[in-house]
Amino acid sequence: MTVRLPGLPEFIALMVLITVGALGACQTTVTRTVIPEFTYKHLPVMSFAVARIEIVETYRSPLQSPNVEHLFPTPIAAALRRWADDRLEAVGGAYTLRFIIEDASATIEELETDKDLEALFTTEQAERIDTRLRVKIEITDENGAVPAFTNTEAARTRTMPENVSLNERDQIYNDLTKALMNDFNTSQEQIIREYFEMYLR
């Protein structure tokens, strides 16, 4: 009986196929955890005697390192827009309310970690995330004059451990946005009731 061995080119092609198949079998798919969208509909609506409400975003994300706000499950600017949509209401009048997002940034900075043998058995904090928001709310009349305005700022910082997973990173980002927005919501509501009292209905 004669056994025919494949030629060299055929043998190489066969080995390549086997190798590719083996690599494909080892691949795993990472499932991203679904994080609920932000909503503020459970909070009371603040009604203003204005003709309309304009949401203006003057902040422009660089979309590159060290900025990471565009990687958040809910970017800070998106959470601010949702807050304005859910909590501010125009009920008619001669004025315009402008909700201006001047800052909605998040930057990341690498922290120095220990490289010695002992560090191999500990989990260190490898990155620091700094988040910031700044919002201006102004009432304008038909001539563009601004009879009333407020400025609100908030900031939050958190460190992130080394070897953090994609889902863990998403959760940390989301927790930061939530904490930042809680700060903003508390202070903004107080400021509005104090300085915009004559425009509230």
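Things to note:
- Pro44 being in a loop (DSSP other than H, G, I, E, B), at pLDDT 95 or above and within 24 Å of Glu109 (Cα to Cα): no
- Counting the residues of the range 138-163 that are closer than 25 Å to Asn67 by Cα and crowded, with 16+ Cβ neighbours inside 10 Å gives 4.
Residues checked against (1) within 18 Å of Ala90 (Cβ to Cβ); (2) of a type in the set (A, V, I, L, M):
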residue: Pro147; (1), (2): yes, no
residue: Ala155; (1), (2): no, yes
residue: Thr159; (1), (2): no, no
residue: Glu162; (1), (2): no, no
residue: Asp170; (1), (2): no, no
residue: Asp183; (1), (2): no, no
residue: Glu197; (1), (2): yes, no
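- Among the residues of the range 159-177, those that are modelled with pLDDT of 95 or more and touching a helix residue (DSSP H, G or I) at 6+ places or on another chain (Cβ under 8 Å) comprise Tyr173, Thr177.
Quick grid of which residues meet (1) closer than 16 Å to Ser187 by Cα; (2) modelled with pLDDT of 90 or more:
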{"residue": "Ser105", "(1), (2)": "no, yes"}
{"residue": "Asp114", "(1), (2)": "no, no"}
{"residue": "Glu142", "(1), (2)": "no, yes"}
{"residue": "Pro147", "(1), (2)": "no, yes"}
{"residue": "Ala154", "(1), (2)": "yes, yes"}
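- Check on Asp170, in contact (Cβ under 8 Å) with a residue 12 or more places away in the chain, of a type in the set (Asp, Glu), out of contact with any Asp or Glu (no Cβ under 7 Å at 6 or more places or on another chain) and loosely packed, with under 15 Cβ neighbours inside 10 Å: no
- Any hit, the range 76-88, residues being over 21 Å from the mean Cα position of the chain (by Cα) and at pLDDT 95 or above: yes
- Meets criteria (modelled with pLDDT of 95 or more and within 30 Å of Thr159 (Cα to Cα)) for Pro73: yes
The values are calculated or read from the model by the stated rules, or taken from the named source; none is laboratory data. None of the values given here were measured: they were computed from a predicted structure. Note that we place each Cβ from the backbone using ideal geometry, even for glycine, and neighbour counts take in every protein chain shown.
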